[in-house]
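Novice: The structure is given below, and queries will be raised subsequently.
The values are calculated or read from the model by the stated rules, or taken from the named source; none is laboratory data. Keep in mind that what you see is a predicted model, and the values were worked out from it rather than measured. No Cβ is skipped: glycine too gets one built from the backbone with ideal geometry, and neighbour counts run over all protein chains shown.
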Amino acid sequence: MTTALLTHADGLLHVNPPGMPEQVARLAYIQRALADLDLLRVDPPLAEDASIALCHPQNYIDTVRSKIPADGYAGLDRETDAETFLCPTSENAIWRAAGGAVKAVDMVLDGAARNAFVAMRPPGHHAEQDLPMGFCIFGNVAIAAKHALEVRGLSRVAVVDFDVHHGNGTQALLQDDPRALVITSQQMPLWPGTGAASDRGPHGTVLNIPLAPHTDGHHAIAEYERLVVPALIKHHPELILISAGFDAHQDDPLAQLNWTADTYADLTDLITQTAQTLCEGRVVSVLEGGYDLDALASCARAHVQSLIKAAT
(Lines give C-alpha, C1' and ligand atoms only; values in the text may rest on other atoms or scores of the structure.)
Protein backbone atom coordinates (compact mmCIF):
# COMPACT_ATOMS: atom_id res chain seq x y z
CA MET A 1 0.00 0.00 0.00
CA THR A 2 1.02 3.58 -0.47
CA THR A 3 0.33 7.19 0.52
CA ALA A 4 -1.48 9.35 -2.00
CA LEU A 5 -0.72 13.04 -2.47
CA LEU A 6 -3.50 15.09 -4.00
CA THR A 7 -2.30 18.52 -5.09
CA HIS A 8 -2.69 20.72 -8.16
CA ALA A 9 -1.31 23.92 -9.66
CA ASP A 10 -4.79 25.43 -9.45
CA GLY A 11 -4.18 25.75 -5.72
CA LEU A 12 -1.60 28.40 -6.57
CA LEU A 13 -4.20 30.51 -8.37
CA HIS A 14 -6.25 31.48 -5.32
CA VAL A 15 -4.53 34.79 -4.57
CA ASN A 16 -5.24 36.81 -1.46
CA PRO A 17 -4.47 40.52 -1.08
CA PRO A 18 -0.82 41.40 -0.35
CA GLY A 19 0.15 40.98 3.27
CA MET A 20 -2.33 38.21 4.05
CA PRO A 21 -0.71 35.25 5.83
CA GLU A 22 -2.77 32.77 3.79
CA GLN A 23 -0.77 33.12 0.59
CA VAL A 24 0.15 31.26 -2.59
CA ALA A 25 3.64 30.55 -1.28
CA ARG A 26 2.20 28.25 1.39
CA LEU A 27 1.32 25.62 -1.19
CA ALA A 28 4.45 26.21 -3.26
CA TYR A 29 6.65 25.55 -0.22
CA ILE A 30 4.76 22.35 0.62
CA GLN A 31 4.93 21.06 -2.93
CA ARG A 32 8.70 21.59 -2.99
CA ALA A 33 9.10 19.96 0.42
CA LEU A 34 7.31 16.82 -0.78
CA ALA A 35 8.81 16.67 -4.28
CA ASP A 36 11.32 13.89 -3.61
CA LEU A 37 9.06 11.62 -1.55
CA ASP A 38 7.70 8.33 -2.88
CA LEU A 39 4.01 9.16 -3.18
CA LEU A 40 1.11 8.23 -5.42
CA ARG A 41 0.50 11.62 -7.02
CA VAL A 42 -3.07 12.32 -8.07
CA ASP A 43 -4.75 15.40 -9.49
CA PRO A 44 -7.66 16.43 -7.27
CA PRO A 45 -10.86 16.82 -9.31
CA LEU A 46 -13.26 19.70 -9.16
CA ALA A 47 -15.90 18.88 -6.58
CA GLU A 48 -19.45 18.35 -7.72
CA ASP A 49 -21.85 20.86 -6.21
CA ALA A 50 -23.77 17.87 -4.83
CA SER A 51 -20.74 16.95 -2.72
CA ILE A 52 -20.35 20.47 -1.35
CA ALA A 53 -24.11 20.55 -0.67
CA LEU A 54 -23.66 17.75 1.85
CA CYS A 55 -22.53 20.55 4.17
CA HIS A 56 -23.47 23.88 2.57
CA PRO A 57 -26.80 25.07 1.13
CA GLN A 58 -26.90 25.47 -2.63
CA ASN A 59 -27.67 29.17 -2.39
CA TYR A 60 -24.38 29.68 -0.51
CA ILE A 61 -22.49 27.65 -3.13
CA ASP A 62 -24.08 29.80 -5.84
CA THR A 63 -23.19 32.97 -3.94
CA VAL A 64 -19.52 31.99 -3.73
CA ARG A 65 -19.42 31.34 -7.46
CA SER A 66 -21.25 34.57 -8.28
CA LYS A 67 -18.91 36.72 -6.19
CA ILE A 68 -15.73 35.70 -8.00
CA PRO A 69 -14.57 39.05 -9.43
CA ALA A 70 -13.52 39.85 -12.97
CA ASP A 71 -10.49 41.62 -11.54
CA GLY A 72 -9.02 42.57 -8.19
CA TYR A 73 -10.31 41.01 -4.97
CA ALA A 74 -13.80 40.42 -3.59
CA GLY A 75 -14.49 39.96 0.11
CA LEU A 76 -17.09 37.30 0.71
CA ASP A 77 -18.59 38.84 3.84
CA ARG A 78 -16.88 42.02 4.86
CA GLU A 79 -19.25 42.65 7.79
CA THR A 80 -18.23 39.53 9.71
CA ASP A 81 -14.83 38.69 8.23
CA ALA A 82 -12.07 40.80 6.72
CA GLU A 83 -9.76 37.91 5.82
CA THR A 84 -11.61 35.73 3.30
CA PHE A 85 -11.30 36.90 -0.28
CA LEU A 86 -11.84 35.76 -3.84
CA CYS A 87 -9.79 36.65 -6.90
CA PRO A 88 -10.58 36.04 -10.59
CA THR A 89 -8.80 32.65 -10.57
CA SER A 90 -10.13 31.36 -7.25
CA GLU A 91 -12.91 29.09 -8.48
CA ASN A 92 -10.93 26.04 -9.54
CA ALA A 93 -8.76 26.20 -6.42
CA ILE A 94 -11.80 26.27 -4.15
CA TRP A 95 -13.63 23.47 -5.93
CA ARG A 96 -10.48 21.32 -6.21
CA ALA A 97 -9.76 21.71 -2.50
CA ALA A 98 -13.15 20.18 -1.72
CA GLY A 99 -12.90 17.70 -4.59
CA GLY A 100 -9.49 16.54 -3.47
CA ALA A 101 -10.78 15.73 0.00
CA VAL A 102 -13.66 13.71 -1.47
CA LYS A 103 -11.37 11.94 -3.94
CA ALA A 104 -8.94 11.05 -1.15
CA VAL A 105 -11.75 9.40 0.81
CA ASP A 106 -12.72 7.35 -2.22
CA MET A 107 -9.13 6.28 -2.85
CA VAL A 108 -8.57 5.16 0.72
CA LEU A 109 -11.92 3.36 0.98
CA ASP A 110 -11.37 1.66 -2.39
CA GLY A 111 -7.91 0.45 -1.40
CA ALA A 112 -6.05 2.54 -3.98
CA ALA A 113 -4.00 4.03 -1.10
CA ARG A 114 -3.66 3.23 2.58
CA ASN A 115 -3.76 6.92 3.48
CA ALA A 116 -3.69 10.29 1.74
CA PHE A 117 -2.66 13.92 2.14
CA VAL A 118 -4.59 16.64 0.32
CA ALA A 119 -2.28 19.62 -0.19
CA MET A 120 -4.64 22.26 -1.52
CA ARG A 121 -5.83 25.70 -0.55
CA PRO A 122 -7.88 27.60 0.52
CA PRO A 123 -8.25 25.79 3.85
CA GLY A 124 -11.68 24.91 5.19
CA HIS A 125 -12.10 24.23 8.89
CA HIS A 126 -13.50 27.66 9.82
CA ALA A 127 -16.24 27.74 7.15
CA GLU A 128 -19.71 27.25 8.61
CA GLN A 129 -22.91 26.37 6.72
CA ASP A 130 -23.28 29.69 4.95
CA LEU A 131 -20.52 31.73 6.58
CA PRO A 132 -16.99 32.01 5.18
CA MET A 133 -14.35 33.05 7.68
CA GLY A 134 -10.69 32.77 8.56
CA PHE A 135 -9.53 32.24 4.95
CA CYS A 136 -11.99 29.31 4.63
CA ILE A 137 -14.82 29.06 2.11
CA PHE A 138 -16.02 25.44 2.05
CA GLY A 139 -15.58 22.94 4.89
CA ASN A 140 -13.35 20.53 3.00
CA VAL A 141 -12.84 18.00 5.80
CA ALA A 142 -16.49 18.09 6.85
CA ILE A 143 -17.54 17.56 3.22
CA ALA A 144 -15.22 14.55 3.03
CA ALA A 145 -16.67 13.18 6.27
CA LYS A 146 -20.23 13.56 5.02
CA HIS A 147 -19.26 11.94 1.72
CA ALA A 148 -17.91 8.95 3.63
CA LEU A 149 -21.15 8.66 5.59
CA GLU A 150 -23.82 9.58 3.08
CA VAL A 151 -22.33 8.42 -0.23
CA ARG A 152 -19.95 5.64 0.79
CA GLY A 153 -22.19 4.30 3.54
CA LEU A 154 -19.82 4.29 6.51
CA SER A 155 -21.40 4.09 9.93
CA ARG A 156 -18.90 6.20 11.87
CA VAL A 157 -16.09 8.61 11.07
CA ALA A 158 -13.82 10.81 13.15
CA VAL A 159 -12.10 14.13 12.49
CA VAL A 160 -8.93 15.03 14.37
CA ASP A 161 -8.01 18.70 13.98
CA PHE A 162 -4.61 19.76 15.30
CA ASP A 163 -4.58 23.24 13.77
CA VAL A 164 -3.72 25.85 16.39
CA HIS A 165 -7.10 27.56 15.85
CA HIS A 166 -10.36 25.91 16.81
CA GLY A 167 -12.11 24.18 13.92
CA ASN A 168 -15.38 25.97 14.56
CA GLY A 169 -16.62 25.34 11.04
CA THR A 170 -16.01 21.59 11.14
CA GLN A 171 -17.77 21.42 14.49
CA ALA A 172 -20.72 23.44 13.19
CA LEU A 173 -21.04 21.27 10.07
CA LEU A 174 -20.79 17.90 11.81
CA GLN A 175 -21.92 18.23 15.43
CA ASP A 176 -25.56 17.41 14.65
CA ASP A 177 -24.57 14.04 13.18
CA PRO A 178 -23.84 11.51 15.95
CA ARG A 179 -21.97 9.33 13.44
CA ALA A 180 -19.17 11.93 13.30
CA LEU A 181 -16.75 12.44 16.17
CA VAL A 182 -15.06 15.86 16.02
CA ILE A 183 -11.86 16.25 18.03
CA THR A 184 -9.99 19.55 17.98
CA SER A 185 -7.02 20.85 19.95
CA GLN A 186 -6.42 24.59 19.91
CA GLN A 187 -4.58 27.34 21.70
CA MET A 188 -6.89 29.16 24.07
CA PRO A 189 -7.33 32.07 24.26
CA LEU A 190 -7.00 32.65 20.53
CA TRP A 191 -9.21 33.57 17.57
CA PRO A 192 -12.00 32.55 16.86
CA GLY A 193 -12.65 32.27 20.60
CA THR A 194 -14.58 29.00 20.48
CA GLY A 195 -13.56 25.50 21.51
CA ALA A 196 -14.14 25.36 25.26
CA ALA A 197 -13.66 21.94 26.84
CA SER A 198 -17.22 22.17 28.18
CA ASP A 199 -18.64 22.30 24.63
CA ARG A 200 -19.36 18.67 23.78
CA GLY A 201 -21.97 19.27 21.07
CA PRO A 202 -25.61 18.13 21.12
CA HIS A 203 -24.71 14.41 21.00
CA GLY A 204 -21.53 14.42 23.08
CA THR A 205 -19.51 13.77 19.93
CA VAL A 206 -17.35 16.90 20.17
CA LEU A 207 -14.08 16.84 22.08
CA ASN A 208 -12.39 20.22 22.44
CA ILE A 209 -8.90 20.32 23.94
CA PRO A 210 -7.82 23.87 24.85
CA LEU A 211 -4.07 24.36 25.18
CA ALA A 212 -2.52 27.28 27.01
CA PRO A 213 -0.14 29.60 25.16
CA HIS A 214 3.44 28.28 25.07
CA THR A 215 2.32 24.66 25.47
CA ASP A 216 5.08 22.48 24.04
CA GLY A 217 4.82 19.36 21.95
CA HIS A 218 5.46 16.94 24.81
CA HIS A 219 2.43 18.23 26.70
CA ALA A 220 0.33 18.15 23.53
CA ILE A 221 1.23 14.52 22.81
CA ALA A 222 0.41 13.61 26.42
CA GLU A 223 -3.02 15.24 26.05
CA TYR A 224 -3.64 13.31 22.84
CA GLU A 225 -2.68 10.06 24.56
CA ARG A 226 -4.89 10.90 27.55
CA LEU A 227 -7.96 12.23 25.72
CA VAL A 228 -7.91 11.62 21.99
CA VAL A 229 -6.95 7.96 21.77
CA PRO A 230 -9.64 6.84 24.26
CA ALA A 231 -12.26 8.96 22.45
CA LEU A 232 -11.34 7.37 19.13
CA ILE A 233 -11.45 3.88 20.62
CA LYS A 234 -14.88 4.55 22.10
CA HIS A 235 -16.28 5.90 18.82
CA HIS A 236 -14.53 3.22 16.72
CA PRO A 237 -14.53 5.11 13.41
CA GLU A 238 -14.22 3.35 10.08
CA LEU A 239 -12.16 6.27 8.75
CA ILE A 240 -10.13 9.01 10.45
CA LEU A 241 -9.80 12.41 8.80
CA ILE A 242 -7.16 14.90 9.89
CA SER A 243 -7.40 18.67 9.66
CA ALA A 244 -3.66 19.21 9.34
CA GLY A 245 -2.85 22.73 10.41
CA PHE A 246 0.83 23.37 11.07
CA ASP A 247 0.45 26.71 12.83
CA ALA A 248 1.09 25.35 16.33
CA HIS A 249 4.78 25.39 15.37
CA GLN A 250 6.91 27.60 17.61
CA ASP A 251 7.82 29.91 14.69
CA ASP A 252 4.29 30.56 13.47
CA PRO A 253 3.38 34.27 13.57
CA LEU A 254 -0.33 33.85 14.36
CA ALA A 255 -0.13 31.87 17.61
CA GLN A 256 2.05 31.03 20.60
CA LEU A 257 2.35 27.26 20.91
CA ASN A 258 5.80 25.70 20.98
CA TRP A 259 5.48 22.61 18.79
CA THR A 260 8.21 21.43 16.43
CA ALA A 261 8.30 19.30 13.30
CA ASP A 262 9.00 16.32 15.56
CA THR A 263 5.76 17.03 17.39
CA TYR A 264 3.83 16.65 14.14
CA ALA A 265 5.67 13.44 13.29
CA ASP A 266 4.92 11.97 16.70
CA LEU A 267 1.31 13.13 16.60
CA THR A 268 0.81 11.64 13.16
CA ASP A 269 2.36 8.38 14.34
CA LEU A 270 -0.08 8.29 17.25
CA ILE A 271 -3.08 8.87 14.99
CA THR A 272 -2.01 6.38 12.33
CA GLN A 273 -1.22 3.70 14.92
CA THR A 274 -4.68 4.19 16.40
CA ALA A 275 -6.17 4.03 12.91
CA GLN A 276 -4.37 0.77 12.28
CA THR A 277 -6.09 -0.72 15.31
CA LEU A 278 -9.54 0.72 14.59
CA CYS A 279 -9.99 1.11 10.84
CA GLU A 280 -7.28 -0.75 8.93
CA GLY A 281 -5.10 2.36 8.88
CA ARG A 282 -7.52 4.39 6.77
CA VAL A 283 -6.56 8.04 7.21
CA VAL A 284 -7.21 11.09 5.03
CA SER A 285 -5.33 14.27 5.95
CA VAL A 286 -6.27 17.68 4.57
CA LEU A 287 -4.16 20.85 4.78
CA GLU A 288 -5.42 23.68 6.96
CA GLY A 289 -3.21 26.44 8.42
CA GLY A 290 0.49 27.14 8.88
CA TYR A 291 1.91 30.57 8.13
CA ASP A 292 5.66 30.53 8.68
CA LEU A 293 6.71 29.18 5.30
CA ASP A 294 9.83 27.28 6.35
CA ALA A 295 8.11 25.78 9.39
CA LEU A 296 5.08 24.87 7.29
CA ALA A 297 7.27 23.04 4.78
CA SER A 298 9.24 21.10 7.38
CA CYS A 299 6.14 20.16 9.37
CA ALA A 300 4.20 19.06 6.29
CA ARG A 301 7.15 16.91 5.23
CA ALA A 302 7.39 15.33 8.70
CA HIS A 303 3.63 14.66 8.65
CA VAL A 304 3.70 13.05 5.23
CA GLN A 305 6.77 10.98 6.06
CA SER A 306 4.83 9.58 9.01
CA LEU A 307 1.91 8.79 6.72
CA ILE A 308 4.29 7.00 4.35
CA LYS A 309 5.74 4.98 7.24
CA ALA A 310 2.23 3.95 8.30
CA ALA A 311 1.32 2.90 4.75
CA THR A 312 4.25 0.51 4.28
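Novice: Of the residues that make up the stretch 140-147, is at least one outside any helix (DSSP H, G or I), more than 10 Å from the chain's Cα centre (by Cα) and under 25 Å from residue 296 (Cβ atoms)?
Specialist: Our first condition is that a residue be outside any helix (DSSP H, G or I); within the stretch 140-147, this holds for none.
Looking through the stretch 140-147, none of the residues is outside any helix (DSSP H, G or I), more than 10 Å from the chain's Cα centre (by Cα) and under 25 Å from residue 296 (Cβ atoms).
Novice: Quick one: would you say residue 210 is surrounded by fewer than 24 Cβ atoms within 10 Å (Cβ to Cβ) and closer than 22 Å to residue 225 by Cβ?
Specialist: yes
Novice: Is there any pair with a first residue in the stretch 139-155 that is on the phi > 0 side of the Ramachandran plot and a second that is at pLDDT below 95 whose Cβ atoms are under 8 Å apart and which are 6 or more apart or on different chains, and what are they?
Specialist: Between residues of the stretch 139-155 that are on the phi > 0 side of the Ramachandran plot and residues that are at pLDDT below 95, there is no close pair.
Novice: Please state which one of 4, 74 is in contact with a strand residue (DSSP E or B) (Cβ under 7 Å, 6 or more places away or on another chain), closer than 19 Å to residue 127 by Cα and of a type outside the set (Lys, Arg).
Specialist: Numbers: 4 fails: closer than 19 Å to residue 127 by Cα.
Every option except 74 fails the conditions.
Novice: Does the stretch 154-167 include one or more residues that are surrounded by 23 or more Cβ atoms within 10 Å (Cβ to Cβ), at pLDDT 95 or above and more than 25 Å from residue 6 (Cα to Cα)?
Specialist: Quick first cut of the stretch 154-167, residues surrounded by 23 or more Cβ atoms within 10 Å (Cβ to Cβ) only: 157-167.
With at pLDDT 95 or above added as a condition, the list becomes 157-167.
Cutting the leftovers down to more than 25 Å from residue 6 (Cα to Cα) gives us none.
Among the residues of the stretch 154-167, not one is surrounded by 23 or more Cβ atoms within 10 Å (Cβ to Cβ), at pLDDT 95 or above and more than 25 Å from residue 6 (Cα to Cα), which makes the answer no.
Novice: Here is a further query. Look through the stretch 166-196, keep the residues that are assigned to a strand (DSSP E or B) and farther than 22 Å from residue 260 by Cβ, and return whichever of them is nearest to the chain's Cα centre (by Cα). Reasoning before the result, please.
Specialist: Quick first cut of the stretch 166-196, residues assigned to a strand (DSSP E or B) only: 180-187.
From the residues that got through so far, the ones that are farther than 22 Å from residue 260 by Cβ too are 180-182.
Numbers: 180: 15, 181: 15, 182: 12 Å.
Among those residues, the one meeting the criterion is 182.
Novice: Can you name the number of the only condition in (1) out of contact with any Lys or Arg (no Cβ under 9 Å at 6 or more places or on another chain); (2) assigned to a loop (DSSP other than H, G, I, E, B); (3) among the hydrophobic types (A, V, I, L, M, F, W, C) that residue 98 fails?
Specialist: (2)
Novice: Within the stretch 124-139, how many residues are farther than 17 Å from residue 243 by Cβ and either assigned to a loop (DSSP other than H, G, I, E, B) or in contact with a His (Cβ under 8 Å, 6 or more places away or on another chain) (or both)? Show your work before the answer.
Specialist: Residues of the stretch 124-139 farther than 17 Å from residue 243 by Cβ: 129-131.
From the residues that got through so far, the ones that are either assigned to a loop (DSSP other than H, G, I, E, B) or in contact with a His (Cβ under 8 Å, 6 or more places away or on another chain) (or both) too are 129-130.
Summing the residues that are farther than 17 Å from residue 243 by Cβ and either assigned to a loop (DSSP other than H, G, I, E, B) or in contact with a His (Cβ under 8 Å, 6 or more places away or on another chain) (or both) in the stretch 124-139 gives 2.
Novice: Can you name every residue in the stretch 222-258 that is in a helix (DSSP H, G or I), touching a residue at least 12 places away in the same chain (Cβ under 8 Å) and of a type in the set (A, V, I, L, M)?
Specialist: First, pick out the residues of the stretch 222-258 that are in a helix (DSSP H, G or I): 222-235.
Filter again for touching a residue at least 12 places away in the same chain (Cβ under 8 Å), leaving 223-225, 227-229, 231-233, 235.
Correct list: 227, 228, 229, 231, 232, 233.
Novice: When the residues of the stretch 199-245 are filtered to those that are among the β-branched types (Val, Ile, Thr) and more than 16 Å from residue 279 (Cβ to Cβ), which remaining residue is farthest from the chain's Cα centre (by Cα)?
Specialist: As a first pass, look at the stretch 199-245 and keep what is among the β-branched types (Val, Ile, Thr): 205-206, 209, 215, 221, 228-229, 233, 240, 242.
Next, only the ones that are more than 16 Å from residue 279 (Cβ to Cβ) stay: 205-206, 209, 215, 221.
Values: 205: 18, 206: 16, 209: 17, 215: 21, 221: 19 Å.
In this case the residue turns out to be 215.
Novice: Test of understanding: among 199, 163, which residue is in a loop (DSSP other than H, G, I, E, B) and either of a type in the set (A, V, I, L, M) or within 28 Å of residue 109 (Cβ to Cβ) (or both)? Quick ask: steps written out before the conclusion?
Specialist: Working: 199 fails: either of a type in the set (A, V, I, L, M) or within 28 Å of residue 109 (Cβ to Cβ) (or both).
When all the criteria are applied, what remains is 163.
Novice: If we keep just the residues of the stretch 232-255 that are more than 20 Å from residue 159 (Cβ to Cβ) and out of contact with any strand residue (DSSP E or B) (no Cβ under 6 Å at 6 or more places or on another chain), which is surrounded by the fewest Cβ atoms within 10 Å (Cβ to Cβ)?
Specialist: Within the stretch 232-255, the match that is surrounded by the fewest Cβ atoms within 10 Å (Cβ to Cβ) is 253.
Novice: Can I ask one more? Give the residues of the stretch 262-312 that are part of a helix (DSSP H, G or I) and among the basic types (Lys, Arg), sorted by residue number.
Specialist: Looking only at the stretch 262-312, we keep the residues that are part of a helix (DSSP H, G or I), and these are 262-279, 293-311.
Across the stretch 262-312, the qualifying residues are 301, 309.
Novice: Go through the stretch 25-40 and give me each residue that's part of a helix (DSSP H, G or I) and in contact (Cβ under 8 Å) with a residue 24 or more places away in the chain. Break it down stepwise before answering.
Specialist: Of all residues in the stretch 25-40, those part of a helix (DSSP H, G or I) come to 25-33.
Passing the criteria: 25, 26, 27, 29, 30, 31, 32, 33.
Novice: For the stretch 103-139, give me each residue that is among the hydrophobic types (A, V, I, L, M, F, W, C), more than 11 Å from the chain's Cα centre (by Cα) and closer than 21 Å to residue 34 by Cα.
Specialist: Within the stretch 103-139, 104, 105, 107, 108, 112, 113, 116 meet the criteria.
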